[in-house]
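See structure below.
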Amino acid sequence: MRAVHFEYRIDIGCVRQNNEDAVACDATRAVAVLADGMGGLDAGEIAAHVAVHTVLERISAETLREADTLRIAVEAANGEIHALNEVRSGGGSRGRMGTTVVVWAALGGDRCAVAHVGDSRAYLWREDHLTRLTSDHSMVQQLADAGMMTEAQAARAPNRNVITRALGLDERVEVEIAEHEWRPGDRYLLCSDGLTDLVSNAEIARRFRDNPEPSRLLTALIDVAKELGGTDNIAVVLIA
């Protein structure tokens with residue numbers, strides 16, 4: 001398997017008092033996982049950490065040859081969080097925690113896969129061009145997909161953070177997975193909505209152009225999100 005380099009940053013932002021984003025990376029298994037928790041108090045933080053560590057634990061370098069391995073791992077994380085919810089809530093619906101998740105994994109050769117649930121995103125930077133690889137599981141994305149609003153309107157909509165899918169809320173979850181060609185020189189970005197709610201795709205692309213060094217790029221992305229208000233936690237992972 002090709003060598004892979006991961007670098008990540010997590011910032012609490014300018015408004016929140018706690019951090020509900022989590023990241024886990026393993027260069028040996030060539031897997032990176034990012035989660036953005038929700039649920040109030042410490043619940044979102046717990047859900048996010050359970051998600052990233054469960055996904056990473058369920059994937060080994062030996063088994064990761066097909067994209068469906070990611071589905072199984074994410075479904076396992078959903079089960080873990082759902083079981084915690086059943087205990088914490090006594091089987092009720094109040095106070096339940098959940099989390100988004102986005103996973104990148106090398107499959108061997110020139111293939112990689114991205115799995116996601118919710119509105120944390122994956123992007124590809126290739127030959128001076130940024131491509132968004134994931135479609136948010138959110139109300140406004142559904143409206144945009146149906147032609148009822150533009151992507152620009154969706155980015156400004158007041159209910160843009162209302163997601164339609166998350167880990168832990170139900171016993172089963174639908175995981176979206178896609179395989180991609182992994183070319184030399186490609187860079188993949190995973191991020192929470194603390195970045196994309198404030199920073200446009202065009203601005204993300206500009207930061208890629210201006211900051212070829214990974215550490216500077218991630219710092220630049222967090223800095224611009226904070227300059228624009230830093231209204232949420234910000235998590236970013238660069239894969240090269």
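The values are calculated or read from the model by the stated rules, or taken from the named source; none is laboratory data. As the structure is a computational prediction, the values presented were derived from the model and not from experiment. Cβ sites come from the backbone with ideal geometry, for glycine too, and all protein chains shown count toward neighbours.
Each row is one residue, and each column tells you yes or no for (1) at pLDDT 90 or above; (2) part of a helix (DSSP H, G or I); (3) surrounded by fewer than 16 Cβ atoms within 10 Å (Cβ to Cβ).
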{"site": "35", "(1), (2), (3)": "yes, no, no"}
{"site": "50", "(1), (2), (3)": "yes, yes, no"}
{"site": "70", "(1), (2), (3)": "yes, yes, no"}
{"site": "77", "(1), (2), (3)": "yes, yes, no"}
{"site": "82", "(1), (2), (3)": "yes, yes, no"}
{"site": "96", "(1), (2), (3)": "no, no, no"}
{"site": "99", "(1), (2), (3)": "yes, no, no"}
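Of everything in region 102-151 that is part of a helix (DSSP H, G or I) and touching a Lys or Arg at 6+ places or on another chain (Cβ under 9 Å), the residue that is nearest to residue 28 (Cα to Cα) is 141. Is it the case that residue 69 is hydroxyl-bearing (Ser, Thr, Tyr) and either within 14 Å of the chain's Cα centre (by Cα) or within 18 Å of residue 171 (Cα to Cα) (or both)? Criteria not met by residue 69.
Residue count for region 5-18 under the criterion of being in a loop (DSSP other than H, G, I, E, B) and either surrounded by fewer than 13 Cβ atoms within 10 Å (Cβ to Cβ) or modelled with pLDDT of 95 or more (or both): the result is 7.
Given the residues 173, 237, 224, which is the only one that is part of a helix (DSSP H, G or I) and within 19 Å of the chain's Cα centre (by Cα)? Give the derivation first.
Working: 173 fails: part of a helix (DSSP H, G or I); 237 fails: part of a helix (DSSP H, G or I).
Residue meeting the stated conditions: 224.
Quick test of your reading of the structure: residue 60 fulfils all but one of (1) assigned to a strand (DSSP E or B); (2) surrounded by fewer than 16 Cβ atoms within 10 Å (Cβ to Cβ). Name the failing condition by number. So the condition that residue 60 fails would be (1). Within region 188-214, the set of residues being over 24 Å from residue 141 (Cβ atoms) and either within 19 Å of the chain's Cα centre (by Cα) or not polar (S, T, N, Q) (or both) comprises 209, 210, 212, 213, 214.
Of everything in region 207-228 that's free of Cβ contacts under 8 Å to residues at least 24 places away in the same chain, closer than 18 Å to residue 192 by Cβ and of a type outside the set (A, V, I, L, M, F, W, C), which residue is surrounded by the fewest Cβ atoms within 10 Å (Cβ to Cβ)?
Our first condition is that a residue be free of Cβ contacts under 8 Å to residues at least 24 places away in the same chain; within region 207-228, this holds for 207, 210-213, 216-217, 220, 223, 227.
Among the residues that remain, those that are also closer than 18 Å to residue 192 by Cβ are: 207, 217, 220, 223, 227.
Keeping just the survivors that are of a type outside the set (A, V, I, L, M, F, W, C) gives 207, 223, 227.
Values: 207: 20, 223: 14, 227: 11.
Looking at the filtered set, the residue picked out is 227.
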